[in-house]
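Colleague: Just dropping this structure here.
The values are calculated or read from the model by the stated rules, or taken from the named source; none is laboratory data. Note that the structure is a prediction, hence the values are computed from the model and not measured. Quick reminder, even Gly has a Cβ in these numbers, built from the backbone with ideal geometry, and neighbours come from all protein chains shown. To get the accessible areas, we keep the full protein, side chains included, count just its heavy atoms, and leave off ligands, DNA and RNA. Shrake-Rupley method; radii C 1.70, N 1.55, O 1.52, S 1.80 Å.
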Amino acid sequence: TEDNNEETTELTQEANTDTIQAEIETPDVIEYEASVPVPELVFSSADVLTWPIDGNVLISFSMDRTVYFSTLDQYKYNPALIIAGEVGGEVQAAAVGKVKSIETTAQTGTTITMDIGSGYEVVYGQLKEVCVEKGQHVSQGECIGYVSEPTKYYNVEGPNLYFQVLKDGDPVNPLEYL
């Protein structure tokens, strides 16, 4: 009987080991998909943008008369504000928004376009070291990038931020919202 008890004990231990291994090999995993609600982007002409950088306006918005561009040594319309900055200065989102695109152009260098809702978009140019990605939702005041060396179109003006506001694709004066 002692031999039978030892044999039963060994079989029970082996069975328990098999059960434990089976539980380890096939764990019950319950996955939950967390969904964070994304706020609807709503912006109106009564809303206020924050200044994306501290700096003086070098070239004012002007779509009704031409303004002088020193680098180009010519007068032309300006659909944005050209704001003085320092290379490496932080550029902050002027409003809550969603990054629509990040592109590089000859005129404005690395450029971010953000949808801020209700047909409004904000364009930030002359950037480097972009801190956001296409499709990302951004809070007002959040870092989106840093001021770059100016492109050849703005080298006389010096380091600056190209700051444009669009309503339904048309440029509007950013100063009316700041």
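Colleague: Among the candidates Val96, Val130, Val147, Val123, single out the residue that is in contact with a His (Cβ under 8 Å, 6 or more places away or on another chain) and at pLDDT 95 or above.
Modeller: On the way: Val130 fails: in contact with a His (Cβ under 8 Å, 6 or more places away or on another chain); Val147 fails: in contact with a His (Cβ under 8 Å, 6 or more places away or on another chain); Val123 fails: in contact with a His (Cβ under 8 Å, 6 or more places away or on another chain).
Answer to the selection: Val96.
Colleague: Within the stretch 72-87, work out how many residues are surrounded by 15 or more Cβ atoms within 10 Å (Cβ to Cβ) and in contact (Cβ under 8 Å) with a residue 40 or more places away in the chain. Outline the logic, then answer.
Modeller: If we filter the stretch 72-87 for residues that are surrounded by 15 or more Cβ atoms within 10 Å (Cβ to Cβ), which is where we start, we get 78-85.
Subsequent filtering for residues that are in contact (Cβ under 8 Å) with a residue 40 or more places away in the chain retains 79-85.
Here the count works out to 7.
Colleague: Mind listing just one residue for me: the one in the stretch 38-55 that is at pLDDT below 90 and either more than 18 Å from the chain's Cα centre (by Cα) or among the charged types (D, E, K, R) (or both) and, of those, most open to solvent (accessible area, probe 1.4 Å)? First the steps, then the outcome.
Modeller: Within the stretch 38-55, the subset at pLDDT below 90 is 38-40, 44-46.
Now narrow it down to the ones that are either more than 18 Å from the chain's Cα centre (by Cα) or among the charged types (D, E, K, R) (or both): 40, 44-46.
Working: Glu40: 156, Ser44: 47, Ser45: 84, Ala46: 86 Å².
Among those residues, the one meeting the criterion is Glu40.
Colleague: A follow-up question, please. Considering only the stretch 53-78, state which residues are assigned to a strand (DSSP E or B), among the hydrophobic types (A, V, I, L, M, F, W, C) and more than 20 Å from Val147 (Cα to Cα). Working first, answer last.
Modeller: The first filter runs over the stretch 53-78 and keeps only residues assigned to a strand (DSSP E or B), leaving 57-59, 62-69, 74-78.
Right, trim to among the hydrophobic types (A, V, I, L, M, F, W, C) and you get 57-59, 63, 67, 69.
Hits for the stretch 53-78 are Met63, Val67.
Colleague: Looking at the stretch 142-160, which of its residues are open to solvent by less than 30 Å² (accessible area, probe 1.4 Å) and either within 11 Å of the chain's Cα centre (by Cα) or on the phi > 0 side of the Ramachandran plot (or both)?
Modeller: Those that are open to solvent by less than 30 Å² (accessible area, probe 1.4 Å) and either within 11 Å of the chain's Cα centre (by Cα) or on the phi > 0 side of the Ramachandran plot (or both): Cys143, Ile144, Gly145, Gly158.
Colleague: Among the candidates Ser139, Ser101, Ser118, which residue alone is on the phi > 0 side of the Ramachandran plot, out of contact with any helix residue (DSSP H, G or I) (no Cβ under 7 Å at 6 or more places or on another chain), open to solvent by 10 Å² or more (accessible area, probe 1.4 Å) and among the polar types (S, T, N, Q)? Step through it out loud before you land on a result.
Modeller: Numbers: Ser139 fails: on the phi > 0 side of the Ramachandran plot; Ser101 fails: on the phi > 0 side of the Ramachandran plot.
Testing whether each residue is on the phi > 0 side of the Ramachandran plot, out of contact with any helix residue (DSSP H, G or I) (no Cβ under 7 Å at 6 or more places or on another chain), open to solvent by 10 Å² or more (accessible area, probe 1.4 Å) and among the polar types (S, T, N, Q) leaves just Ser118.
Colleague: Just to be sure, is Ser45 farther than 19 Å from Asn155 by Cβ and small (Gly, Ala, Ser)?
Modeller: Numbers: farther than 19 Å from Asn155 by Cβ: yes; small (Gly, Ala, Ser): yes.
Yes; evaluated as a whole, the condition is true for this residue.
Colleague: Let me ask you something else. State all residues of the stretch 104-115 that are aliphatic (A, V, I, L, M) and buried (at least 17 other Cβ atoms within 10 Å of the Cβ); if no residue qualifies, say none.
Modeller: If we filter the stretch 104-115 for residues that are aliphatic (A, V, I, L, M), which is where we start, we get 106, 112, 114.
Once the filter is applied, which keeps residues that are aliphatic (A, V, I, L, M) and buried (at least 17 other Cβ atoms within 10 Å of the Cβ), the stretch 104-115 yields Ile112, Met114.
Colleague: Looking at the stretch 56-71, which of the residues that are of a type outside the set (S, T, N, Q) and exposed (fewer than 12 other Cβ atoms within 10 Å of the Cβ) is farthest from Pro171 (Cα to Cα)?
Modeller: Taking the stretch 56-71 as the starting set, the residues that turn out to be of a type outside the set (S, T, N, Q) are 57-59, 61, 63-65, 67-69.
Now restrict to residues that are exposed (fewer than 12 other Cβ atoms within 10 Å of the Cβ): 64-65, 68.
Values: Asp64: 11, Arg65: 14, Tyr68: 18 Å.
So the residue we want is Tyr68.
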